[in-house]
Amino acid sequence: AASASSATGGGTASIPSIVHQYTPFALEMPFADLTLHKLTSVSLAASMLPVSAKQSTDPVQLLPIHDITPTLKHAILAVCHPSAVQNYNVSGTASDLYLSGVAGFVAVENVDMSRDILSLLSPCSGSLPSFHLLVGDITWME
């Protein structure tokens, strides 16, 4: 059996240990490339409805965000799955976006209003699978 030895012939080569760390990838996205939707809930109390009537509106609503503001800093955004975006574009039904599985999550690191750039932290390198992002109430600060 062969053993690892150093170039000098006498010692055992040290094997570097694997460091398990998460290293987020920074993305800078122009506002114009993104489509953001805010998740809101609309729930009517039973006392507000006629007797034995059920709420006819979807309890979760999506409101388009047209103006990105610095209040998004530190928000966690869900990246919509491309197939969900395709279904939403065909049907126009909001539930196609929020009931489908998401492709992942990103954290908003900075909102640069002077350059119209949203700086995101992504768990992996490369482009986002889609540019449709869902905004909720979750924030994260390191």
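When the residues of region 43-55 are filtered to those that are open to solvent by 60 Å² or more (accessible area, probe 1.4 Å) and part of a loop (DSSP other than H, G, I, E, B), which remaining residue is modelled with the lowest pLDDT?
LEU44
Name the pairs: first residue in region 130-142 and touching a residue at least 12 places away in the same chain (Cβ under 8 Å) and assigned to a loop (DSSP other than H, G, I, E, B), second residue open to solvent by less than 100 Å² (accessible area, probe 1.4 Å) and of a type in the set (Asp, Glu), Cβ to Cβ under 9 Å, at least 6 apart or on different chains?
PHE131/ASP33
When you scan region 94-111, do you find a residue that is open to solvent by 30 Å² or more (accessible area, probe 1.4 Å) and on the phi > 0 side of the Ramachandran plot, even just one?
Within region 94-111, none of the residues are open to solvent by 30 Å² or more (accessible area, probe 1.4 Å) and on the phi > 0 side of the Ramachandran plot.
Let me confirm something: among ASP33, ASP58, which residue is modelled with pLDDT of 90 or more and either out of contact with any Leu (no Cβ under 7 Å at 6 or more places or on another chain) or of a type in the set (Asp, Glu) (or both)?
When all the criteria are applied, what remains is ASP33.
For region 89-129, give me each residue that is out of contact with any Leu (no Cβ under 6 Å at 6 or more places or on another chain), touching a residue at least 60 places away in the same chain (Cβ under 8 Å), of a type in the set (Gly, Ala, Ser) and assigned to a strand (DSSP E or B).
Correct list: SER119 only.
The values are calculated or read from the model by the stated rules, or taken from the named source; none is laboratory data. Quantities reported herein were computed from a predicted structural model and do not represent experimental measurements. As a convention, Cβ positions derive from the backbone with ideal geometry for all residues, glycine included, and neighbour counts pool all protein chains shown. Note: accessible area is taken over every heavy atom of the protein model, side chains too, but ligands, DNA and RNA are not part of it. Shrake-Rupley method; radii C 1.70, N 1.55, O 1.52, S 1.80 Å.
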